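Each remark here refers to the structure printed beneath this line.
The values are calculated or read from the model by the stated rules, or taken from the named source; none is laboratory data. Just so you know, these numbers come straight off a predicted model, no measurement behind them. Glycine gets a Cβ as well: all are built from the backbone with ideal geometry, and neighbour counts include every protein chain shown.
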Amino acid sequence: MLTEFMHVMSFIGSAAFYLPLLVVVYWCVDPRTGARAAVLLTVNATVNTVAKLWFHDPRPFWTDPGVTGHEGRDSFGMPSGHAQNAVVAWGFLGSRSRRRAVWAGTVVIIVLIGYSRIHLGVHSFAQVLTGWAVGGLVLAGGLYLEPRVAPRWARQPLWTQLALSLAIGLLCLVAAWAALRFALDGWRWPAEWVRRIAAAGGSAEPVTLAEAAGAAGGLAGILAGLSVAARRGWCDPGGDLWRRLARVPVGAAGAGGIYAVGLFPGEHPVQAFCVQAVLGLWAAAGAPEAFVRLGLATRGACAPVTARRPAGGDRVSGGPS
């Protein structure tokens, strides 16, 4: 029973839980919150995938016969991505409230998600603790830099914003490549690790740039998409309930169409980068534009994505956070 509960808590800390909620919030509820969370979470995902390559630390069930792996994970364990996600996602949610109950609930969820990874044998305490620390740095850095960087970003020409988006993604990809080139040069899977991953239901795939390239491409696409959306004019998330609900299948169909034409993530880093960049661009700019053209939304004076100041008036801008 406890293990099943830990699986649930682990799922709450995964991208499979955050991403659907994120697009619904951005498309149908509050573009400001959705955009800010999207940038934070994609930055966090990119940092995590690159850091795992540099640390290349084994998961506990790979090396310790006394630990049962309840998930057949073949990615490295340091830092824990679930722990990072928990701090960034739930910490961001908590930062929007001054209620002690909300903060208390946020802390409980973050701790439970981290503990679930230890209980399931896929992370050590040190890996979870590092994930919390890195996630805290990403969250604090994002909240501090957003009101300072976003207005400057918004003042740049669109092509400059797009070039910067691509450059940021490529720099992240270079960092991952450097990890493979220097930290993992000549590295091979130990036979015992391969056996234990298989026993947990997974398979030890060759270590490549594909995952890091996909995360970096997604970040570039999100930044570029938010820049385009701001320049075109943010769509108003309001409207009848049926119009809001109809946006979800339209947006999902567009994402599915990208896969249908053969653009699916593969092992080649260029392919993974490009596909995730296109998906990020679609989610941030293409889908909202489609909603407007289909009459499911209007292009209104919807709140831009920079953070509101708690006092002294709101500061507005049209750039991505």
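General observations
- The residue that is nearest to GLN276 (Cα to Cα), among those in the range 153-170 that are in a helix (DSSP H, G or I) and without any contact (Cβ under 8 Å) to a residue 12 or more places away in the chain, is ALA167.
- Of the helices (runs of 4 or more DSSP H) lying entirely inside the range 1-64, the ones with 1 or more residues being under 18 Å from SER75 (Cβ atoms), among the polar types (S, T, N, Q) and over 11 Å from the mean Cα position of the chain (by Cα) are found at 2-12, 60-63.
- Neighbours by Cβ (under 6 Å, 6+ apart or cross-chain): first from the range 198-212, surrounded by fewer than 20 Cβ atoms within 10 Å (Cβ to Cβ); second part of a loop (DSSP other than H, G, I, E, B) and at pLDDT below 90: THR208/GLU267
- Picking from residues in the range 236-271 that are exposed (fewer than 12 other Cβ atoms within 10 Å of the Cβ) and at pLDDT 85 or above, the one that is farthest from THR33 (Cα to Cα) is GLY257.
- Candidate set from the range 272-321 (those that are of a type in the set (Ser, Thr, Tyr) and more than 21 Å from ALA216 (Cα to Cα)); member that is modelled with the highest pLDDT: THR298
- Criterion violated by ARG181 - all others in (1) modelled with pLDDT of 95 or more; (2) part of a helix (DSSP H, G or I) satisfied: (1)
- Summed over the range 3-52, residues that are over 30 Å from ALA183 (Cβ atoms), touching a helix residue (DSSP H, G or I) at 6+ places or on another chain (Cβ under 7 Å) and aliphatic (A, V, I, L, M) total 9.
- Conditions (1) assigned to a helix (DSSP H, G or I); (2) surrounded by fewer than 17 Cβ atoms within 10 Å (Cβ to Cβ); number of the one not met by ILE118: (2)
- Among the residues of this structure, GLY141 counts as one that is small (Gly, Ala, Ser), without any contact (Cβ under 8 Å) to a residue 24 or more places away in the chain, closer than 22 Å to LEU19 by Cα and part of a helix (DSSP H, G or I).
- So VAL228, is it modelled with pLDDT of 90 or more, within 23 Å of the chain's Cα centre (by Cα), assigned to a helix (DSSP H, G or I) and not basic (Lys, Arg): yes
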